[in-house]
Amino acid sequence: MTIEMTTDAAKTPEPAAEVVLLRSVSKVYGAAPHAVTALDDMTIGFRAGTFTAVMGPSGSGKSTLLHCAAGLDRPTRGQVIVDGTDLGPLDETGLTLLRRGRVGFVFQSFNLVPALTAEQNVALPLRLAGVRPPGAEIRAALAEVGLSGRAGHRPDELSGGERQRVAVARALVTRPAVLFADEPTGALDTRTSREVLALLRDVVDRQGQTVVMVTHDPVAAAHADRVVLMADGRIADEMTAPGDRGDVGGAGPAGLRLRAEAIAVRMAALEGSC
Ligand SMILES: Nc1ncnc2c1ncn2[C@@H]1O[C@H](COP(=O)(O)OP(=O)(O)OP(=O)(O)O)[C@@H](O)[C@H]1O
């Protein structure tokens, strides 16, 4: 079922190209009789410059979806296309190069290198790609996430929210086609979560970045343009808020609260029916 959070067709943006496309993707772990179908013939696309939240009960296949879409895991069946490249024929080196250049990833646990400063962590993807990191670009990436003054700090000298902002800067420094975030606010308190979510929203709005985020939190999902609800490896429900989200109570705190409530109701209905 698709729930349109707005009916104002005039505000619907022009259809953009799909940066990530999964066609009839299934992922089965293990073998019969203990096989687990984590993704069940799933078809979904993520358009350029949009922010999608993926929600669903525990075990519904959210992380598997993200990992298959990001080329971190291979589907059992079906096709995954990222930025125009079909991942199927790629060998491990090809997949690594694609992930390095075209995909950004942010994890709940930040995954920063403890011995490196914020600046060195942000520069790491470029170094791994054999590029000498231009200092100005690294400083600009840190400034984008509001951490100009923390460039020389190591992760243990930063707050949780600051660490996640460094992780976002690191994920974006290669200018990826898509940024995947797996529970990016799962380890953060409410206020810090809000900062990280506002940052993700900002890179979508100001830079046209495509973001796909797995979350359990309806408030986090309320920052997205589209919420995909999964159950048993399939899309069970979907909510969209096209345009500037101004139709659904506005982009401010009141609008966020309204959208979060609507999402929580859909989640509760889904969990009740599972
Ligand atoms: N490596 C694996 N081997 C076997 N089964 C797996 C593996 N990874 C995931 N699964 C199973 O696949 C299903 C989907 O898992 P997945 O982690 O994608 O769900 P999820 O929605 O992200 O869950 P959660 O919200 O708890 O993180 C679950 O039944 C899980 O037990």
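Where a number appears in this text, it was derived from the coordinates with a stated rule and is not lab data. Model, not experiment: these values are computed from the prediction. Cβ coordinates were reconstructed from backbone atoms using ideal geometry, including for glycine residues, and neighbour counts include every protein chain displayed.
Quick notes on this structure:
- Pair list, Cβ < 7 Å and 6+ apart or interchain, from segment 85-100 residues that are farther than 19 Å from GLY130 by Cβ to residues that are exposed (fewer than 15 other Cβ atoms within 10 Å of the Cβ) and of a type in the set (S, T, N, Q): ASP86/GLN79; GLY88/GLN79
- Failed item, numbered, when PHE46 is tested on (1) of a type outside the set (A, V, I, L, M); (2) within 16 Å of the ligand (Cβ to nearest atom); (3) crowded, with 18+ Cβ neighbours inside 10 Å: (2)
- Residue check, GLY130 of a type outside the set (S, T, N, Q), touching a strand residue (DSSP E or B) at 6+ places or on another chain (Cβ under 7 Å) and either in a loop (DSSP other than H, G, I, E, B) or surrounded by fewer than 19 Cβ atoms within 10 Å (Cβ to Cβ) (or both): no
- Pairing residues of segment 146-163 that are under 24 Å from GLU183 (Cβ atoms) with residues that are of a type in the set (Gly, Ala, Ser) and assigned to a loop (DSSP other than H, G, I, E, B), at Cβ distances under 8 Å and at least 6 apart in sequence or on separate chains, gives ARG154/ALA115; GLY160/ALA187.
- Sole exception among (1) over 18 Å from ARG259 (Cβ atoms); (2) in contact with a strand residue (DSSP E or B) (Cβ under 7 Å, 6 or more places away or on another chain); (3) not hydrophobic (A, V, I, L, M, F, W, C) for ARG191, by number: (2)
- All positions within segment 220-238 that are surrounded by fewer than 22 Cβ atoms within 10 Å (Cβ to Cβ) and outside any strand (DSSP E or B): ASP232
- Long-range neighbours under 7 Å by Cβ, at least six apart or interchain, first residue closer than 15 Å to ILE263 by Cα within segment 36-60, second of a type in the set (Lys, Arg) and buried (at least 23 other Cβ atoms within 10 Å of the Cβ): VAL54/LYS62; GLY56/LYS62
- For segment 171-182, the condition of being within 13 Å of the chain's Cα centre (by Cα), over 30 Å from GLY78 (Cβ atoms) and not in a strand (DSSP E or B) holds for none of the residues.
- Hits in segment 45-81 - residues which are among the β-branched types (Val, Ile, Thr), closer than 18 Å to VAL19 by Cα and more than 14 Å from the chain's Cα centre (by Cα): VAL80, ILE81
- Here VAL166 meets each of (1) in contact (Cβ under 8 Å) with a residue 24 or more places away in the chain; (2) more than 17 Å from the chain's Cα centre (by Cα); (3) more than 23 Å from ASP225 (Cα to Cα) with one exception, condition (2).
- Of note, GLY78 does not satisfy the criterion of being on the phi > 0 side of the Ramachandran plot, free of Cβ contacts under 8 Å to residues at least 60 places away in the same chain and within 11 Å of the ligand (Cβ to nearest atom).
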